[in-house]
Amino acid sequence: MVLEVHNLQTHLHLKRGILRAVDGISLSVGEGETLGLVGESGSGKTLTGLSLLRLLPKGSGRIAEGSIKLDGQELTTLSDSAMARDIRGRRIAMIMQDPMTSLNPVFSIGDQVSNPLRNHNIAHGATLRSKVIDVLTQVRIPSAEKRLGDYPHQFSGGQRQRIVAAMAIGCTPRLLVADEPTTALDVTIQVQIIALLRQIQADTGTGIILITHDLGVAASLCHRIAVMYAGRIVETGPVRRIYKSPAHPYTQALLAAIPRLGDKRARLQAIPGQPPSLIDPPTGCRFAPRCPARMDKCAEPPPTVTLADGHEAACWKLA
Amino acid sequence: MSASALPARRIPWAALRRLPWLPLLVLGAVGIAAIGGEAISPHDPNGLDLSASFKPPAWQDGGSWDYPLGADNLGRDILSRIMAGCGVSVIVAFYAILFSGSIGALAGMVAGYFGGRVDAVLMRLIEIQQSVPSIALALILAAAMEPGLSTVVIVIVLTYWAWYARIIRGEIMALKGRDYIAFARTAGVSTPVIFRRHLLPNIFNTLVVLGTLQVGQVILFEASLSFLGLGIQQPDISWGLMLSDARQYITNAWWGITMPGIAIMLTCLSANVFGDWLRDRLDPQMRQL
Amino acid sequence: MLALVLRRLWQGAISILGASVIIFVISRLSGDPVVMLVPPDAPPSLIAEIRTQYGLDQPLVWQYLLFVGHALSGDFGNSYRWQMPALKLILDRLPATIQLAACGLLFSVALAVPIGVLSAVHRGGWIDRIGRIFAMLGQAMPAFWVGLLLILVFAVQLNWLPAFGHGTPAHVVLPAIALGWYPVAAQTRIVRSAMLDVLDSDHIRLSRALGTPERLIVWKYALRNAAVPLLTMLGVYFAAMLGGAFVVETIFAWPGVGRTVVEAVFSRDFPVVQAGVLFTSILFVLSNLLVDLSYGLVDPRIRDVR
Amino acid sequence: MLALQNVTKHYKTSRGTVRAVEGVSFEVRPKSTLALVGESGCGKTTIAKMILQLERPTAGAIAFEGADTATMNAAQLKNYRRQVMAVFQDPYASLNPRLRVGTIIAEPLLAHESPGRAAVEKRVAEVLDIVGLPATAARLYPHEFSGGQRQRIAIARALALRPRLMVLDEPVSALDVSIRAQVLNLLADIQLEFGLTYLIIAHDLALVEHFSNDVAVIYLGRVAEAGPTEQVFAQPRHPYTQALLAAVPQPDPDHVLNEAAAAGEIASALDPPTGCRFHPRCPLAIDICRTTTPEPRGTPHQAACHLVEA
């Protein structure tokens, strides 16, 4: 396993109280595997990604408990300078949502793409330049060597996301955390970035954590899916099982709530209510207040039930 | 995150409990001295007493509590003169802020909301205004007119209206782009109602904050002009004028230039701290001003 | 780029023209300007002569055009007091003022940039707090008072530095500090808030996520982004220095334009006042022009967009 | 009910003329839903702004029940504004945070009628009930509600005057997946109940197929394809529509995306391609596509493509 996370708890210390944004999740990513972390806003998926890099909001964010192991090495106890030197950008890299803002507008892309290579002592001098051209060519930036001196605003949104990907893969990281990498893009561009991520994985064998709210994007890219709700993983399993035979009522409800092409139902199955506050979350199953299959038992924490090889769900109904 | 995602900006009475008391105390004292005038000052501020000439502050050798902050070259009580100077500062600040604020706000609102040619003309006017340094403007005004309180006010208004106009214009333009104003326009709500309901409440807070923050600047400006001899004239008393008088005796009497300066500093400091506090409460988005 | 330069030049010319209107109109506010152009005891024949000579019997618009015409040919009239062309008087004093303003700006920027950056990086820390206190104090102290205090302490009491005059580098220290003191506060605020904005941006977050050392993030990647507001600031504050120079030059007996104009106001030496103020405005507009043109150096977007 | 005829909008900027909308025509049938679909920058929002009279068309006509909006007098325009209401994308930006919900909802009401206080309160309570919020909501401020609830308030406000046409600009794209269905169902319900006509602007094709009766696919300011939703989605004729549909990820791991359907990137409206604006990305482009703008062919299912038989 490239990454193994066990019982991770990330808290945000706010004025209103402690927000348990990530509340005891466990997951793993294998070599060449893509894990989809699927959930709605506020489900804790983005903070999970930032926890892996230990880049939580300064002052308020804290990893309260749990372990994060990268190739067997524990990250939660590593010093911050060691994280910056050996982990971030070197062994775990990141792609963010908005390509229009994730590149520095006043530095040339040559400088920005070479920056991680230089900082991590991957290449210097003349080899640095050829390496940068290589990486840019790998993400299919046309005539890369002529464009090293260009600035981000001279590229389109899709190209910028390719450049961000180039910055991320330059040091051939073991794990790529992609936080909504296609959400800000148009459909026809989105499909190109999906293809690019697939190609990067085929070329380098990197593990990918894809953080997304879009069940379509997750289905097209992931090998396994972990569905998050209110700070917890409610169901995890191989992609086919999650979409074809979802076990947790939340996963089922989510899949029923989205319109699909070619599917002309008159009404969508809405999920009533809203997610709970994570400052003072319910003790039992967090989806219970909105769940159609709610039982008395749901007031207690639900057990994690193994349904098939690698397919687990936390629900009393399945126990 | 968009600014409108903030909680509704009602007048935050709860927050008023944590008033900045010290600055308010200083400003209150200035206000009382301005209103009370000679009635409450220990000496006649213009009263000469050559025997008390260059009397140091009370805590120094040779000082007496009769002249707590010392006396100037003509033996006039510095404390009484500082108290008398409060009046000028308050009057100048009041009129200058009232006029520059209303002119600037009106220009800014009109230009910001209607845009186009009106806006272009205003922006050019602001640019021109800003190409004459305000002290230079004061100099030619003083050369052309009698220096005095009203000249000081006119100069400050001519200088600061553009500051208000620019900020209010920017705020109106930002507000104008908000979806709730777009909705009001599409729903047929009339322009005066849009101004009253959506624009003025926002602008009002901004104006209050800008006005408070301007108090300190106006006081400094008045002091500078009076110091140069282009502002308040004898026998009226202003802090800047006191400093100008004391300047030539800088080697004999350090208190002459120190005490009025401290009065200026404390008043400005208090006004600025209070303004910052107001801004943080009423208009957290303006923090960089 | 050339088009941009030309457009900014044109706009600058308009501004200076506008400034000349302001100066002209105000100088006519007090009524008959001849009174200011002649000695108080001038005989009526001289007044009439000067009136015709300066075209003051003509309509106001024509008078303005005459004023501009004369100004363009370098004729602002003769200084009554110094008996020499006002223009030459001002031009002679201009270098000293520029020198003082530049030193003042250097002092304030050298203080404001590091304090602002460190305040933003250690937001809420001790540098931030001390910076805030200093900023608060700075904004409450008029430049002339700072100047007097500096003279009191460093010239009168300690006798370290000269209080008056011009010539050696030591002479410029106190006036430059007095001039640069007030803007430090506002500049620190601008740098701090610009840095806070940048440090909170996605691209800095990405830089961190890719392991860029914090030192590089702050002093290279973030600071260059913050440079645009910083540059704007430079233009505005160089201009403010020119304004402040009127007061500071008077205190320190600095032989610059400011002191000359202040003295001219008291001797009602109107040609000198007009020339001095107009040249301050020109300097003002030129400095803003330079700043506008230098944006392109730090921000590549501006190079392409306009 | 609403008809756009050759509507064009050009913006003059310092960098040149932005041809945001170019000769767009379509018609919205009463009590039905027409969807405008397209990618960002295609001009769909500009079209909505023109319909809402926030912008004036550079050329062309927008007619409401046969009357040209450009020639309306003040009273007619006011009546038009009363009949046409808008719901915007971001429920955080579209409600004034300083006003109580009751005041927000009553805003259009008070602009057109002068009912008494009690009448206003009654109407507000009525529409709040329709959108599924308690009458007590009127006394609260927007920040006390979640995104989905705020969008309900925005819908209530648009509904207060019982308009005929509602322009829905991406009404659910700012909401979470589980909340979207609630709001979409609500919109469908009130359409049926009050006989409303909808013009919805969206980029989510599955949503459009689900929600609309007719659709117009916009590419770079022009209508590429338009017609009854069922026909357009079942048999897309324009290569752009085909590419769009092939690129939508499906919540189905067996679905294969067609990555080659539309290569390259969208051109700039500052300098749109000649001829068919899609030709640089079109896998089927032939010579005529580069030179001649294709006219729409077919009715009611029309496509503006040289390769489509009339």
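If R0 is taken as 45 Å, the Cβ-Cβ distance between D:ASP254 and D:LYS12 corresponds to a FRET efficiency of 0.35. Taking amide H as placed 1.01 Å from N in the peptide plane, the amide H of A:ILE208 sits under 5 Å from that of A:GLU33, A:THR34, A:LEU35, A:LEU176, each at least 5 places away or on another chain. Within the shell of other residues whose beta carbon sits under 14 angstrom from the beta carbon of A:LEU14, the net charge comes to +4, with Lys and Arg scored +1 and Asp and Glu -1.
Can you classify chain C as rounded, prolate or oblate using the Cα gyration tensor, where a ≥ b ≥ c are the square roots of its eigenvalues, rounded means a/c under 1.5, and otherwise it's prolate if a/b beats b/c and oblate if not? Since a/c reaches 1.5 but b/c is at least a/b, the shape of chain C is classed as oblate.
Output the pairs from D:LYS31/D:LYS122; B:LYS176/D:LYS9; D:LYS9/D:LYS44; A:LYS45/A:LYS317 with a Cα-Cα distance over 19 Å in this structure; if there are none, say none. Distance filter (> 19 Å) returns D:LYS31/D:LYS122; B:LYS176/D:LYS9; A:LYS45/A:LYS317.
Summary value for chain B: 22 percent relative contact order, contacts being C-alpha pairs under 8 angstrom separated by 6+ residues. Applying the Karplus relation 6.51 cos²θ - 1.76 cosθ + 1.60 with θ = phi - 60° to segment B:150-157 yields 3J(HN,Hα) values of 5, 4, 4, 4, 4, 4, 5, 5 Hz, where x marks Gly and Pro. Dipole of chain C computed with +1 at Lys/Arg Cβ and -1 at Asp/Glu Cβ about the Cα centre; of C:ALA155, C:LEU87, C:ILE130, farthest Cα towards the positive end is C:ILE130. Look at where the Cα atoms of segment B:116-177 and of segment A:1-45 average out, and the two centres are 55 Å apart.
GNM on chain D, alpha-carbon springs under 10 angstrom: the most fluctuating residue among D:ARG117, D:ARG15, D:ARG82 is D:ARG15.
How much FRET efficiency would the formula 1/(1 + (r/R0)^6) give for B:SER150 and B:VAL208, where r is the Cβ-Cβ distance and R0 is 25 Å, rounded to 0.05? Don't skip to the answer; put the middle values down first.
Working: r = 25 Å, r/R0 = 1.02.
The pair B:SER150/B:VAL208 has a calculated efficiency of 0.45.
Across every direction, the projection of the convex hull enclosing the Cα atoms of segment B:69-283 has a mean area of 13.5 nm². For A:ALA64, the residues 5 or more places off, or on other chains, whose built amide H falls under 5 Å of its own are A:GLN9, A:THR10, A:HIS11.
Only the Cβ atoms of Lys and Arg (+1) and of Asp and Glu (-1) were treated as charged; on that basis the dipole of segment A:193-319 about its Cα centre amounts to roughly 480 debye. With all protein chains kept in place, the per residue accessible area of segment A:124-215 amounts to 32 square angstrom at a probe of 1.4 angstrom. With R₀ fixed at 22 Å, the C-beta to C-beta distance from C:THR52 to C:LEU72 puts the FRET efficiency at about 0.55.
Across segment C:99-106, rounded Karplus estimates of 3J(HN,Hα) from the backbone phi angles (6.51 cos²θ - 1.76 cosθ + 1.60, θ = phi - 60°) give 4, 5, 4, 5, 5, x, 5, 4 Hz, Gly and Pro being marked x. When the Cα positions of C:HIS171, D:HIS255, D:ALA181 are compared along the charge dipole of the protein assembly as shown, D:HIS255 comes out farthest toward the positive end, with charges on each C-beta of Lys, Arg, Asp and Glu. With the simple spin-label model, which puts each label point 7 Å out from Cα in the Cβ direction, the B:GLN248 to D:ASN79 separation comes to 8.3 nm. For the residues B:GLY177, B:GLY261, B:GLY108, a GNM of chain B with alpha-carbon springs under 10 Å puts the largest fluctuation on B:GLY177. With the biggest extent put first, the Cα atoms of segment C:87-187 measure 51, 34, 22 Å across the principal axes.
Net charge dipole, chain C: roughly 1020 debye, given to the nearest 20, about the Cα centre with Cβ charges of +1 for Lys and Arg and -1 for Asp and Glu. Label positions at C:LEU4 and D:ALA70, each projected 7 Å from the Cα along the C-beta direction, are separated by 3.8 nm.
Summing Cβ point charges (Lys, Arg +1; Asp, Glu -1) relative to the Cα centre of segment C:107-246 gives a dipole of roughly 240 debye. Here each label is just a point 7 Å from Cα along the line to Cβ, and for D:ALA234 and B:VAL121 those points are 6.2 nm apart. Per-residue extension of 0.36 nm, minus the Cα-Cα distance of A:GLN269 and A:MET295, leaves a gain of 7.3 nm for this segment. Counted without the sites themselves, the longest stretch of chain D free of GluC sites (Glu not before Pro) in a DSSP loop having at most 15 other beta carbon atoms within 10 Å is D:114-308. Among the protein heavy atoms of segment D:9-85, carbon and sulfur supply 47% of the accessible surface, probe 1.4 Å, non-protein parts ignored. Accessible surface of segment A:153-254, 1.4 Å probe: 49 percent of it comes from carbon and sulfur atoms. Phi angles of segment C:111-116 translate, via the Karplus equation with coefficients 6.51, -1.76, 1.60 and θ = phi - 60°, into HN-Hα couplings of 8, 6, 5, x, 5, x Hz per residue; Gly and Pro are given as x.
Of the residues B:ASP119, D:ASP287, ranked by 1.4 Å probe accessible area with the largest first, the sequence reads D:ASP287, B:ASP119.
Please find, in a Gaussian network model of chain C (springs between Cα atoms separated by less than 10 Å), the residue of C:LEU179, C:LEU290, C:LEU106 whose mean-square fluctuation is greatest. It is C:LEU290. Within the straight-line cut-off of under 23 Å between alpha carbons, the lysines reachable from A:LYS146 are A:LYS131, sequence neighbours fewer than 8 places apart in one chain being disregarded.
Projecting the Cα positions of D:VAL7, C:ILE23, D:THR197 onto the charge dipole of the protein assembly as shown (unit charges on Cβ atoms of Lys, Arg, Asp and Glu, taken about the Cα centre) puts D:THR197 furthest along the positive direction. Inter-part distance, segment D:1-69 to segment A:232-311, computed on C-alpha centroids, equals 42 Å. Separation of segment C:236-281 from segment D:255-304 is 66 Å, based on Cα centroids. For the pair D and A, the buried accessible area comes to roughly 3700 Å² in total, with a 1.4 Å probe and the value rounded to the nearest 100.
The values are calculated or read from the model by the stated rules, or taken from the named source; none is laboratory data. These numbers come from a predicted model, not from an experiment. Note that we place each Cβ from the backbone using ideal geometry, even for glycine, and neighbour counts take in every protein chain shown. Side chains included, ligands, DNA and RNA excluded: accessible areas come from the protein's heavy atoms. Shrake-Rupley method; radii C 1.70, N 1.55, O 1.52, S 1.80 Å.
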